[in-house]
Amino acid sequence: MNKVSVLIAGAGPSGAVAAYRLAEMGVDVLLLEAYPQCPEDMRASTFHPPTLDMMEQLGLLDALEAQGLRAPIYQYRNRATGEVLALDMGEIADVARHPYRLQCEQFKLTRLIASKLGNHPHGSILFQRRLIHYEQDDRGVSVTVETPTDIERYRCDYLIGADGANSLVRKLMGVEFSGFTYPEKFLTLSTTYPVDKAFKDLAYVAYMADPQEWCVLIRVSEFWRVLVPALETDDDKVLMGDAKKIAVFDGLVGQGDAVVTSHRTVYRVHQRVANSYRQGRVILMGDAAHLNNPLGGFGMNSGVHDAWNLTEKLKAILLDNEDPDTELDRYERQRRTVMQEFVQAQTMRNKRALEAGAAAAQGEAQAQLAAVIANPDLRRDYILHQAMIKSRVREAELA
Ligand SMILES: Cc1cc2nc3c(=O)[nH]c(=O)nc-3n(C[C@H](O)[C@H](O)[C@H](O)COP(=O)(O)OP(=O)(O)OC[C@H]3O[C@@H](n4cnc5c(N)ncnc54)[C@H](O)[C@@H]3O)c2cc1C
């Protein structure tokens, strides 16, 4: 039986940040990942200012900046009316140490941390290790792990389930994942084609209302990424096919045929929060604990903020002899409340606003946003919300 203080299942952004921070704090931690390496998928690509502060504290920011793009401005564009509303995060430079979004894919973070954990006195990472079961008692948690050739057993003081949306840890806990799944699907396409040439002054992050089909355009270092909605009844093969690709880019740049894509992904979107984040010594975080639509780029950031909060509590318990129930209950209270009040509410508002803008040329949502942007106080408040600074303030207020 291998013993470790904290065992984390899942080396996505949440699990990786938690593991590295605990190791840096001096807590012995083992990170287990089911795949042979940190998956390189087309998912989160936006780091918000509080997350950038955390990356700086971990000494990871320079390496991420070197692989990413700074996006201080994001836009809401209405293609029917030609209206462009822009928000500049430079306006919150007085409270944000990093007043911009960093456009950098999540796998660049997880792979960076994996390389650092490969040679750390307090932390380690093992790949091709899938948690398949756990049992806990008063003194710890026994974890069963499957490898391609073997079954391994571990014993830890605390188990963190950072194993993503389909979390087995959450299922084994028997915790309900309350919420709903949107009836539509989302299609994302990435391309090296210069999509920005078709628009005047296109920002690296642009939400586009459109009477035919709203979309989001996101720039990362190597690609433009395009996200469009699709019907629940649309066949995935058709959505991933060339005819759909041509239609999407015909609408955007007028030359769908000429656009070569590097990735195409279809996925379902959920708004769900686990009814409980904790059972004794087993704790959930990241997508294992909550899911939201990607409009605003809050999913990965929320998972990293969970990791930040939880690692403080575990350090207090394991190194400073603080009371476990007090600390872990507070983790759940703070992070679950912020998830409900802020992330769930804001992402649903963001989606409604984009859809409403598409529904009518003079979309009411667009007009409301224009009014917010025209008012300096409301504009600042809006930017602070979208930059996740308000949610961090709220979290700290919760006892
Ligand atoms: C298309 C798309 C775009 C997105 N864009 C953004 C964005 O711009 N900004 C943002 O903040 N968020 C975004 N998100 C959401 C973001 O990707 C997720 O919120 C984030 O990946 C959650 O991180 P995580 O570490 O909690 O889970 P995951 O990234 O899902 O990681 C879980 C890990 O656990 C591993 N695992 C699973 N089961 C086991 C097991 N039993 N044992 C061991 N390992 C296991 C998996 O292989 C995986 O590596 C987007 C999501 C999608 C789908």
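The values are calculated or read from the model by the stated rules, or taken from the named source; none is laboratory data. No experiment lies behind these values; they were computed from the predicted model shown. Cβ placement follows ideal geometry from the backbone for every residue including glycine, while neighbour counts extend to all protein chains displayed.
Checked against the criterion of being hydroxyl-bearing (Ser, Thr, Tyr), buried (at least 19 other Cβ atoms within 10 Å of the Cβ), part of a helix (DSSP H, G or I) and at pLDDT 95 or above, the candidates 326, 311 yield just one match: 311. Selection of first residues in region 132-146 that are without any contact (Cβ under 8 Å) to a residue 12 or more places away in the chain and of second residues that are surrounded by 11 or more Cβ atoms within 10 Å (Cβ to Cβ), restricted to Cβ pairs under 6 Å at least 6 apart or on distinct chains, gives the following pairs, ordered by first then second residue: 135/142. Can we say residue 172 is within 12 Å of the ligand (Cβ to nearest atom), touching a strand residue (DSSP E or B) at 6+ places or on another chain (Cβ under 7 Å) and either part of a helix (DSSP H, G or I) or modelled with pLDDT under 95 (or both)? Yes; evaluated as a whole, the condition is true for this residue.
Of everything in region 28-71 that is under 20 Å from residue 227 (Cα atoms) and near the ligand (Cβ under 7 Å from one of its atoms), the residue that is surrounded by the most Cβ atoms within 10 Å (Cβ to Cβ) is 45. For region 341-360, does any single residue satisfy the condition of being away from the ligand (no atom under 13 Å from the Cβ), more than 22 Å from residue 210 (Cα to Cα) and free of Cβ contacts under 8 Å to residues at least 24 places away in the same chain? Yes.
Looking at residue 187, is it aliphatic (A, V, I, L, M), under 28 Å from residue 16 (Cβ atoms) and in contact (Cβ under 8 Å) with a residue 60 or more places away in the chain? Taking the combined requirement at face value, the residue satisfies it.
The strands (runs of 3 or more DSSP E) falling completely within region 26-138 that include 1 or more residues that are of a type outside the set (A, V, I, L, M, F, W, C) and at pLDDT below 95 map to 73-78. Here region 272-302 is the region considered, the condition is being assigned to a strand (DSSP E or B) and in contact with a His (Cβ under 9 Å, 6 or more places away or on another chain), and the residue that is nearest to the ligand (Cβ to nearest atom) is 291. If you check 74, 100, 134 for being over 21 Å from residue 224 (Cβ atoms), surrounded by 15 or more Cβ atoms within 10 Å (Cβ to Cβ) and of a type in the set (Phe, Trp, Tyr), only one passes: 134.
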